[in-house]
Amino acid sequence: MDFELLMDDYLLNKARKYCAANEHCKSEVAQKLTAWGATQEMTDDIISRLEDENFIAEQRFAELFTRSKINQNKWGVVKIELELERRNIPVQIIRKALSEIDQFQYLKNLEHLVRIKSKELKENDPFIRKQKLMAFLSSKGYEPELLEHHFE
């Protein structure tokens, strides 16, 4: 058995463990494999095998990522979409994951953030308060049209 086959098996097993510990997308696994010394050919082969073995599933990753960012970080759709795009998740998978957001929970998160941030703000001028709140919520990824509607 030559060195390349040994290295391929070693990296495949290492990547299986990496994927079993937490959900990862293809781009994250590719970055890890490259850092571990895999060639592009090895990386492509290993990722293909991991997909066949269901260690990697882009749809599953996108749905879990979306749910966790909504529930734990209280992110908005804009920020989630940008982060998924940055990870090279296909547009149709992103759309499907975003379409499954619980809208009640999403609006509840927005209300929670407004309450928390409103308490923190020392500003008395209502216009400046509104601008600061909107800037904060925009940084969390909430859609401008939703914010405009919320603050009417």
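When 50, 82 are checked against the criterion of being touching a residue at least 24 places away in the same chain (Cβ under 8 Å), over 23 Å from residue 144 (Cβ atoms) and either in a helix (DSSP H, G or I) or open to solvent by less than 30 Å² (accessible area, probe 1.4 Å) (or both), a single residue qualifies: 50.
Condition check for residue 56 on (1) assigned to a loop (DSSP other than H, G, I, E, B); (2) more than 23 Å from the chain's Cα centre (by Cα); (3) among the hydrophobic types (A, V, I, L, M, F, W, C): one failure, at (2). Taking the range 94-138 as the range and being open to solvent by 70 Å² or more (accessible area, probe 1.4 Å) and not charged (D, E, K, R) as the test, the residues that pass are 99, 103, 104, 107, 116, 124, 126, 127, 131. Does at least one position in the range 45-54 carry a residue that is within 30 Å of residue 7 (Cβ to Cβ) and polar (S, T, N, Q)? Yes - at least one qualifying residue is present in the range 45-54. Is one or more of the residues making up the range 14-25 in a helix (DSSP H, G or I) and polar (S, T, N, Q)? So far as the range 14-25 goes, no, none of its residues is in a helix (DSSP H, G or I) and polar (S, T, N, Q). Could you tell me whether the range 27-37 includes any residue that is open to solvent by 30 Å² or more (accessible area, probe 1.4 Å) and more than 22 Å from the chain's Cα centre (by Cα)? Taking every residue of the range 27-37 in turn, at least one turns out to be open to solvent by 30 Å² or more (accessible area, probe 1.4 Å) and more than 22 Å from the chain's Cα centre (by Cα). Scanning the range 16-60 for residues that are at pLDDT below 95 and of a type in the set (Val, Ile, Thr) turns up just one, 39. Screening 89, 70 for residues that are in contact (Cβ under 8 Å) with a residue 40 or more places away in the chain and either outside any loop (DSSP other than H, G, I, E, B) or surrounded by 13 or more Cβ atoms within 10 Å (Cβ to Cβ) (or both) leaves exactly one candidate, 89. If you go through the range 3-13 and pick out every residue that is of a type in the set (A, V, I, L, M, F, W, C) and either open to solvent by 60 Å² or more (accessible area, probe 1.4 Å) or not in a helix (DSSP H, G or I) (or both), you end up with 3.
The values are calculated or read from the model by the stated rules, or taken from the named source; none is laboratory data. Small disclaimer: the values here were computed from a predicted structure and weren't measured. Here Cβ is always computed from backbone atoms with ideal geometry, including for glycine, and neighbour counts include all displayed protein chains. Heavy atoms of the whole protein, side chains included, go into the accessibility calculation; ligands, DNA and RNA do not. Shrake-Rupley method; radii C 1.70, N 1.55, O 1.52, S 1.80 Å.
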